[in-house]
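Taking it in order: structure first as structure tokens, then the write-up.
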Amino acid sequence: MDLNSSIEKNFRLSPRQKSALDKLGLKTTKDLLFYFPSRYENFSERKNIASLAEGDKTTVFGEVLEASLGKTWKKRMSISEITVGDNTGIIKAVWFHQPYMAKMLNVGDKVALTGKISRNKSGLSISNPNFEKISAYEALGEGSVILPVYSETSGITSRWLRFAIQRILNSLEENIADPIPKEILKKYHLPSLKSSLIFIHKPQKLKDAEAARKRLAFEEIFFIQLARLSQRQEREKHHSLKINFDQEELGKFLSSFPFELTGAQKKVISAVAGDMQKSSPMSRLLEGDVGSGKTAVAIAAVYLAISAGYQVAYMAPTEILAGQHFQSFIEYFSELRLTPKIGLITSSGCQKFPSKVNPSEATKISRAQLLKWVENGEIPILIGTHSLIQDKVKLKNLALVIIDEQHRFGARQRASLVTDKSGDVPHLLSMTATPIPRTLALTIYGDLDLSLLDELPAGRKSPITKIISPEERGTAYAMIREEINKGRQAYIICPRIDEPDPEKEMALLAKSVKEEAKKLKKEIFQEMEIGILHGKMTPQEKEEALLKFKDNKINILVATSVVEVGINVPNATIIIIEGAERFGLAQLHQLRGRVIRSSHQPYCLVFAESKSQKTTERLKALTSAKNGFELAEYDLKIRGAGELGGGKQWGVSDIGMEALKNIKMVEAARTESQKIIAESPDLKKYPLLLAKIANNGKQIHFE
Ligand code: ADP
Ligand code: MG
């Protein structure tokens with residue numbers, strides 16, 4: 001079987017199966033081979049129903065005896081219920097909010113249910129179990145007692161996947177090329193690629209499957225690091241503009257800020273200044289918790305570059321943020337005798353620069369004019385969104401590129417912003433507020449030098465975070481009112497923009513920005529100005545809402561998580577987050593960061609719709625963790641693999657995320673990739689690795 005050919009070529013597929021495979025992102029036969037089980041059923045530990053006990057976490061096998069879909073009226077919640085029996089007894093399985101379950105199962109089906117057993121007066125039950133239809137033949141295990149279970153989507157079953165992958169495995173050549181050098185496999189006791197593929201799809205023992213996962217996880221982390229190191233190697237071959245500076249002038253500029261820089265800010269500024277003095281390009285990542293003052297560092301770097309007579313491009317992920325930075329750049333530079341010209345360019349085509357008459361005001365100019373002035377060097381500072389790279393903006397002498405909230409950009413987007421007309425590579429300062437675990441940083445930012453802003457500006461109070469039960473809603477609103485009466489402002493974050501589609505049962509529970517804003521105005525905060533902000537508003541609408549909020553003409557801003565990224569309104573001191581379980585911990589932390597921007601006491605009130613213990617525990621971490629990094633480590637630890645959907649945004653698969661829980665493995669992967677690059681910078685000695693990395697670069701998606 002040719003692994004590179006499409007699945008269709010090797011398997012007969014119904015249109016439904018085809019679209020299901022598409023949905024899983026599986027196109028080639030190789031994709032299928034590398035689609036790994038999400039878990040295993042261990043039939044050797046199989047129990048019959050009579051021997052189940054309260055609290056068992058296990059898999060129950062049996063036949064569906066009854067199936068029904070009911071509704072409990074109180075909460076308008078759907079419940080699917082089935083009764084399953086074997087020769088020894090019966091058990092009820094119940095799914096909440098999953099009405100389709102009852103449709104998927106029919107009386108007479110043989111099923112395997114995995115979950116936690118409970119027992120009450122009416123007998124045994126299992127809630128929200130994972131389930132799989134099985135044939136009697138499979139239940140016997142076909143000689144093997146461990147059955148791989150794949151994540152399915154409607155149209156493709158685990159059973160089909162097992163069958164198809166089995167056929168691919170049978171057709172594999174004796175020695176499929178293993179890109180990881182033999183010495184490395186030996187050193188870390190990792191199985192070969194072929195053994196790993198067999199072990200992971202068809203293990204005889206669970207231990208084998210574990211060894212295989214370890215190898216495949218190592219492999220992923222190793223390749224990412226190798227790719228990053230080789231990118232860095234490439235970048236360093238280029239020349240960039242040397243930025244010389246006068247220490248005293250820089251000191252004068254920095255002392256014009258309305259605050260004293262923190263020690264951490266000073267340290268990073270001198271590291272950046274040192275990097276930019278060299279003719280090889282800076283590649284630095286500035287990781288600073290929300291509100292740690294990254295903009296001031298960026299401004300210092302901008303100042304150095306433009307004082308040396310060069311240009312700077314500053315890229316932000318959203319138009320809101322680009323506009324906000326445009327404003328704060330004008331403010332930061334307003335103390336200078338000669339206010340530099342600053343251009344703002346966005347995809348919606350609003351381009352401005354400060355007017356000569358009144359430097360704190362912006363003038364609209366045509367896009368063509370702006371581009372011309374950028375190209376001839378008259379505008380030294382250009383701020384924009386990704387349109388900066390898409391529109392082929394030409395700069396005369398670009399010395400520095402700053403990327404704010406860089407995790408929002410793709411690796412390729414970052415890479416494409418690299419050359420100016422002369423072929424020089426600009427210095428690169430990337431900034432992120434997303435605290436990520438060290439293992440992840442080492443892996444995905446392997447090509448960057450890391451600086452931390454680990455000190456908040458003096459006078460900041462740590463936030464008071466509370467998890468609020470539904471009965472306390474009134475108290476929460478009273479707190480908002482109290483803050484607003486003191487002159488402060490509030491955010492209320494909702495998970496959705498619109499009223500939900502009534503067809504979608506799950507969505508019914510999530511609050512929407514538009515409805516919530518209306519309701520609050522009508523029922524709770526009649527005397528207040530309430531505004532809304534969400535991603536579907538036009539850029540003008542967004543800008544207006546934000547400006548009004550900044551000017552304190554809006555007391556309460558009801559918004560989606562669009563405000564998560566970088567919005568800076570220091571007078572806002574209280575944030576309410578609805579449906580908090582829908583957000584990741586790091587995201588909640590970011591949201592909370594919106595109110596830690598002044599010397600006022602900040603409050604963060606968190607509402608959850610689910611009362612599950614897992615949810616509560618997770619949210620509690622938000623109240624106890626000292627900083628974002630701690631939270632990120634915690635999130636990584638408590639969320640099971642497979643649930644770490646967040647990995648995709650880093651270009652790391654679920655299996656790779658497992659590796660990230662293991663610092664030793666990540667460090668080993670790093671050491672080995674460093675050794676290889678040192679030995680063969682262009683990887684010519686390792687053709688398999690070279691091919692793999694050329695390929696991998698394409699597979700890594702960010703978003
Ligand atoms: P972030 O790191 O989240 O981008 P910002 O750069 O937006 O943070 O800064 C947050 C707020 O803190 C801004 O209002 C800024 O003016 C202020 N700030 C930055 N540095 C200091 C400092 N050293 N002392 C006091 N306030 C500061
Ligand atoms: Mg910022």
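The values are calculated or read from the model by the stated rules, or taken from the named source; none is laboratory data. Predicted, not measured: the structure shown is a model, and the values here were computed from it. Note that we place each Cβ from the backbone using ideal geometry, even for glycine, and neighbour counts take in every protein chain shown.
So, R592, is that one charged (D, E, K, R), within 16 Å of ligand 2 (Cβ to nearest atom) and either at pLDDT 80 or above or more than 21 Å from the chain's Cα centre (by Cα) (or both) or not? Criteria met by R592. Here is the figure for the range 262-306: residues that are in a loop (DSSP other than H, G, I, E, B) and free of Cβ contacts under 8 Å to residues at least 40 places away in the same chain total 2. Only one of the numbered conditions (1) within 15 Å of ligand 1 (Cβ to nearest atom); (2) under 30 Å from Q540 (Cβ atoms); (3) among the hydrophobic types (A, V, I, L, M, F, W, C); (4) in contact with a strand residue (DSSP E or B) (Cβ under 9 Å, 6 or more places away or on another chain) is violated by V268, and that is (2). Annotation: of all residues in the range 218-238 being among the aliphatic types (A, V, I, L, M) and over 14 Å from T439 (Cα atoms), the one that is surrounded by the most Cβ atoms within 10 Å (Cβ to Cβ) is L226.
Exactly one residue out of L286, L304, L261 is touching a Phe, Trp or Tyr at 6+ places or on another chain (Cβ under 7 Å) and either within 16 Å of ligand 2 (Cβ to nearest atom) or not polar (S, T, N, Q) (or both), and it is L304.
Of all residue pairs spaced 6 or more apart or on separate chains, those with beta-carbon atoms under 7 Å, a first member in the range 236-260 that is polar (S, T, N, Q) and a second member that is at pLDDT below 95 and within 16 Å of ligand 1 (Cβ to nearest atom) are S256/E335.
Among N175, N170, which is of a type in the set (S, T, N, Q) and without any contact (Cβ under 8 Å) to a residue 12 or more places away in the chain? Full working, then the answer.
Details: N175 fails: without any contact (Cβ under 8 Å) to a residue 12 or more places away in the chain.
Just one listed residue meets the conditions, N170.
Just wondering, is there one or more residues in the range 367-386 that are at pLDDT below 85 and hydroxyl-bearing (S, T, Y)? No: the range 367-386 contains no residue that is at pLDDT below 85 and hydroxyl-bearing (S, T, Y). Scanning the range 550-568 for residues that are at pLDDT below 90 and within 15 Å of ligand 1 (Cβ to nearest atom) yields V563, E564, V565, G566, I567, N568.
Does K278 satisfy the condition of being farther than 29 Å from K372 by Cα and either within 16 Å of ligand 1 (Cβ to nearest atom) or buried (at least 18 other Cβ atoms within 10 Å of the Cβ) (or both)? If you could, list the steps in order and put the result at the bottom.
Working: farther than 29 Å from K372 by Cα: yes; either within 16 Å of ligand 1 (Cβ to nearest atom) or buried (at least 18 other Cβ atoms within 10 Å of the Cβ) (or both): no.
Here the answer is no, as K278 does not meet what is asked.
Selection within the range 545-583: residues that are away from ligand 2 (no atom under 16 Å from the Cβ) and part of a helix (DSSP H, G or I). The member of this set that is surrounded by the most Cβ atoms within 10 Å (Cβ to Cβ) is A580.
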